[in-house]
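To start, the structure under review is shown below, and the notes come after it.
Rule-based calculations on the coordinates, nothing more; no lab input. A quick note: this is a predicted structure, and the numbers were derived from the prediction, not measured. Cβ sites come from the backbone with ideal geometry, for glycine too, and all protein chains shown count toward neighbours.
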Amino acid sequence: MNPTVSQLTELGCYTLAGHTEQPRDLLDEVRRAEELGLGSAFISERFNVKDAAVLTGAVGAASTTLGVATAATNHTTRHPMVTATMATTAHRLTGGRFALGLGRGIGLLNGLYGLPDVTGAQLTDAIGLLRRMWHGDLVVGHDGPSGAYPFLHQSSSFDEDIPVILCAMGERSLELSGGIADGVVLHTYFTDETLVRSVAAVRRGAERAGRDPSTVRVWSVLGTVGDHLDEELRLRKSVGRLATYLQGYGDLMVRVNQWDPAVLERFRADEVVASFPGALDANGTTEVLEHVATLLPDEWLAAAATGSPAACAERILGQFDLGADGVIAHGATPEELAPVMQAYRSIRPAGRFDDLPANPGRTANWSPTWWR
């Protein structure tokens, strides 16, 4: 990190946002993120060339100040011993900058891969096992929602304070996250009203669990598509990205945002969409995406930071007034975010975020032992 640039611990970005063929590009992205003073790098996982464990190691090795989080991997795709080992390794590699982010995955793909649907009970059980192992416990004869394990143990010398983040969308998942996680990552294309409701659900879940709601760090994920990008790229990052979400889990997106389901039905029934092979953001031509744009209401696409870099910066700052503790500028590389970050620094309130730790799973008053 440039020592003359203060770290924006309240902001993050995704590495290798979207599809990639070259995971090595992550190294330059991480270095650029630190030059800009971004606070955290979030790592999404896809079963091609985006393995979360490998990329976490790369981010940790290529950075010195960035917080690092998987957002997300799934507890069902690795044995708990493997996940626990991944996390403790990343924790020590980064000097405590790492948070393990978990999610439910996509139900359709889970079924195709022969993986079980992820339930709240499974997540609660799995996270409990991980925390016990990180703190040196010997787990014998465990038989719970996440599985039966005769023996789980890392080292009796371990006492690792590793935050856990959950990626969540629906109200029940958000409330659960507030009760069992240290941080929550929301979803792209949440309206302002949805963000407010989502933060309230997380805080409500924390209160029901007897926790201080302010100790759970809630990250807004805000699509950031400034007009300093070329038109074709903006189209792909806005129309293409939202359309791909609607392809994968449109019912959930519409329900969470309280959008009109009839619009989703028309989108799905469209001949181009219905016959399109694969994800629209990755494979759609400009012509296809221009057509898809006619199917999406302006108010749906407006749930993002768009316009000039200054307008994007204002939209990012506004997320904090709606209750977010952090904002992930989504869908853009650090280089693409550079003009927005410059504009943001000019309006960033002095002192407002000084107490936020670099680790994306911690707040100023985070306690590592609240769950015990």
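In the chain, helical runs assigned H by DSSP with n ≥ 4 each contribute -39500 (n - 2.57); averaged across all residues and rounded to the nearest 500, the mean residue ellipticity at 222 nm is -13000 deg cm²/dmol.
Normalised by the residues of the stretch 225-310, what does the relative contact order come to in percent, with Cα pairs under 8 Å and at least six apart?
Working: 73 pairs, mean separation 42.3, N = 86.
Once normalised by length, the contact order is 49 percent.
For the stretch 120-163, a/c is not less than 1.5, where a ≥ b ≥ c are the root eigenvalues of the C-alpha gyration tensor, and a/b does not top b/c. That puts it in the oblate class. If you compute Cα extents along the principal axes in Å for the structure shown, which of (1) 61, 57, 39; (2) 59, 50, 40; (3) 55, 54, 41 do you land on? Of the listed options (1) 61, 57, 39; (2) 59, 50, 40; (3) 55, 54, 41, (2) comes from this structure. Residue by residue, the stretch 316-331 carries 3J(HN,Hα) couplings of 4, 4, x, 5, 5, 5, 8, x, 6, 9, x, 10, 9, 6, 8, x Hz when phi is fed to the Karplus relation 6.51 cos²θ - 1.76 cosθ + 1.60 (θ = phi - 60°); x denotes Gly or Pro. Length available on full extension from GLN247 to ASP212: 0.36 nm per residue minus the Cα-Cα distance, which gives 8.9 nm. Extension gain for LEU93 to ARG372 (0.36 nm times residue separation, less C-alpha to C-alpha distance): 97.9 nm.
Any idea what the dipole of the chain comes to, in debye rounded to 20, about its Cα centre with Lys/Arg Cβ at +1 and Asp/Glu Cβ at -1?
On the way: 31 positive and 44 negative charges, 208 e Å.
Value, rounded to 20: 1000 debye.
Label-to-label distance for GLU193 and SER157 is 5.7 nm, based on points extended 7 Å past Cα in the beta-carbon direction. Counting only the backbone N, which residues of the stretch 357-372 are under 19 Å from the spot 7 Å out from the Cα of PHE320 toward its beta-carbon? Those under the cut-off are 357-366. Label sites at ASP260 and HIS228, each approximated as a point 7 angstrom past Cα along Cα to Cβ, lie 3.6 nm apart. Taking a ≥ b ≥ c as the square roots of the eigenvalues of the alpha carbon gyration tensor, the stretch 84-161 is oblate, as a/c is not under 1.5 and a/b does not beat b/c. Amide H contacts for GLY144 (H built 1.01 Å from N in the peptide plane; partners 5 or more residues away or on another chain; cut-off under 5 Å): TYR149.
For the stretch 230-307, the square roots of the Cα gyration tensor eigenvalues, ordered a ≥ b ≥ c, give a/c of at least 1.5 with a/b no greater than b/c, which places it in the oblate category.
Charge tally around PHE276: other residues with Cβ under 13 Å, Lys/Arg +1 each, Asp/Glu -1 each, net -3. Put the Cα centre of the stretch 163-241 next to the Cα centre of the stretch 329-353 and the gap is 18 Å.
Here each label is just a point 7 Å from Cα along the line to Cβ, and for GLU35 and ALA302 those points are 3.7 nm apart. Each peptide in 356-365, 13-22, 249-258 receives the mean, over its residues, of other Cβ atoms within 10 Å, and ordering these scores from highest gives 356-365, 13-22, 249-258.
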